[in-house]
Amino acid sequence: MTAAYDALRSHLHKAHLLASTSALLVWDQETYLPKGGGDVRADQLALLAELQHERATDPRVGDWLAACETDARLQHDADAIANVRGWRRDFDRATKLPSKLVQELAEVESKAQQAWAEARARDDWRKFRPWLDRMLSLQQQKADCLKAPGQSRWDALADLYEPGMNAAMLRELFAPLRQALVALRQKLATGTAPDDAFQRLPIEQTQQEAFVRAVLAAMGFEERFGRLDRSAHPFCTKVGADVRLTTRFHPDNVLDALGSTMHEGGHGLYEQGFEPAHFGTPLAEAVSLGIHESQSRLWENHVGRSAAFWQWCWPVAQKHLGSKTQGFTQEQVFRTANLVQPSLIRVEADEATYDLHVMVRFELEQALIDGQLGTGDLPHHWNRLYYEYLGIAVPDDKQGVLQDVHWSCGLFGYFPTYTLGNLYAAQFAAAADKALGGLPGLLERGQFATLREWLRRQIHRHGRRHTPAELCQLVTGAPLSSAPFLAYLEQKLAVVYGL
Ligand code: ZN
């Protein structure tokens, strides 16, 4: 390689080490940190963020990048081209924001999040509203720094999470999807809903844990490079060479523990699937949040909520959950896992209504960021859209506009990546089914390694080599569409609801 490339790689490798050290401290904070450690932990994280930002925005990075971009010797090295492109994107992003704005954002994010938690606990929208106003104004300033000529503010923010995606493309994807999902919800109301008794069954936490650990191991999550713990909100984070997952257990909902574990396990397999040789470079990083979410949704839903999976899983459940499984059948539990019930809370939503929750947020946050909607009218419009899309009345703001942490943390343009994840997952699952001669046959025999290795070859090992749109085209031979997702849902739910 060239001197500039080597200097860049070694300099940014250290920035990466700082970031992964922060990830470890955050993981600890969410799992094992004693209450008294919180204040110092916040200082530790702030210091690491400052050091990392200094390193990432060092003017020498700009010089090295310019040297790499004009060096003919690098133009035939696909790995180097991909890394330089990734580093360039990160550098431009980091240097476009003035440090005063970055500091103010960090401070308001932390305070707004606290205000949000209190407001939600007390169902007091008015307490949170001034913080949301302040956050919105900062996000608008941030978007103005980031946006390219002609780009809208919302698009500039969304591009941080899903490179290349914008509101116009999302509207085109979402409009027919919304109509179809609303129609599906209405059609299912005429079918036979599954019984939900298995979902309400009290089961010891130790039994639940043994069960989900067995499934995670069967998925191929490597314990040598990862671990599973508990936290209030399940998450997955990469800490250097290893991946930390968390899950949660309710006394009476083993299917929630299974779904959370398979979801985070899917994220974990993606993080474990990068090439170790590229550690610390864009080639060993996730290409986008939508693609990351596709890996979790694929395992949680296309695998974990399929009839074929339950053929394999039922004996495993019987082994670990023992007498609790008596009186139930594999067929019954498969149907329970696919119960559709329009509900108020996004994170508890089923597969058929989840994306309607996302669309409510997508519509509102665009109007907020673009200044067409003020926060005074937000709860009213939130409730109106819930009635229109999900057919339910929102009784209070706690279960309405105050339910998600995202806006208080400054995450605008983020919500659509959840639905993109669902759409990518369905398109990838259909491609895998075709390439591997039928997924159900593999799943009912527990041959998850075949699917995992296919995902690793097709998606994981590429890191940020391609854009999300290029990756989708390469893996599935087509641009992203909602058709595979709708076909999959309609087919499965017709069986579950006896339609
Ligand atoms: Zn996820």
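The values are calculated or read from the model by the stated rules, or taken from the named source; none is laboratory data. From a predicted model like this one, the values you see are computed outputs, not experimental measurements. Quick reminder, even Gly has a Cβ in these numbers, built from the backbone with ideal geometry, and neighbours come from all protein chains shown. Keep in mind that these areas ignore ligands, DNA and RNA; they rest on the heavy atoms of the full protein, side chains included. Shrake-Rupley method; radii C 1.70, N 1.55, O 1.52, S 1.80 Å.
Other residues lying with their Cβ under 10 Å from the Cβ of Ala148 contribute a combined charge of -1, Lys and Arg counting +1, Asp and Glu -1. What's the carbon and sulfur percent of the chain's accessible surface, probe 1.4 angstrom, rounded to a whole number? Exposed carbon and sulfur together represent 52 percent of the surface.
Heavy-atom accessible area per residue, the chain, 1.4 Å probe: how many Å²? On a per-residue basis, the chain sits at 44 Å². Its relative contact order, with pairs defined as Cα atoms under 8 Å and 6+ residues apart, puts the chain at 20 percent.
For the chain, the dipole from Cβ point charges (+1 on Lys and Arg, -1 on Asp and Glu) about the Cα centre works out to 380 debye, to the nearest 20.
P(r) tail for the chain: Cα pairs beyond 38 Å make up 26% of the total. Comparing Ile81, Leu451, Ser137 along the charge dipole axis of the chain, the residue lying farthest to the positive side is Leu451, per the Cβ-charge model. Judged by the mean number of other Cβ atoms found within 10 Å, the most tightly packed of the peptides 24-37, 363-376 leads the ranking 363-376, 24-37. Based on the Kirkwood approach, the hydrodynamic radius assigned to region 60-160 is 16.3 Å, with every pair of different Cα atoms included. Taking the charge dipole of region 307-394 about its Cα centre, with +1 at Lys and Arg Cβ atoms and -1 at Asp and Glu Cβ atoms, the residue from Tyr354, Gln366, Ala337 reaching farthest to the positive side is Ala337. For region 377-499, what's the relative contact order in percent, using C-alpha pairs closer than 8 Å and at least 6 residues apart? It rounds to 23 percent for region 377-499. Ordering 332-338, 468-474 by mean Cβ neighbour count within 10 Å, with the highest value first, yields 332-338, 468-474. Here's the list of lysines a cross-link from Lys147 could span, going by alpha-carbon distance under 27 Å and ignoring same-chain residues fewer than 8 apart: Lys96, Lys100, Lys111.
Just how many % of Cα pairs in region 328-403 lie over 14 Å apart, if you round to the nearest whole percent?
Within region 328-403, distances greater than 14 Å cover 63 percent of Cα pairs.
The Kirkwood hydrodynamic radius of region 391-484, based on inverse pair distances between different Cα atoms, is 16.0 Å. Of the listed pairs Lys127/Lys238; Lys35/Lys319; Lys14/Lys398; Lys324/Lys398; Lys35/Lys238, which have alpha-carbon separations greater than 32 Å here? The pairs that break the limit, which is 32 Å between Cα atoms, are Lys127/Lys238; Lys35/Lys319; Lys14/Lys398; Lys324/Lys398. Helix-only arithmetic for the chain: the sum of -39500 (n - 2.57) across DSSP H runs with n ≥ 4, divided by the residue total, places the mean residue ellipticity at 222 nm at -20000 deg cm²/dmol.
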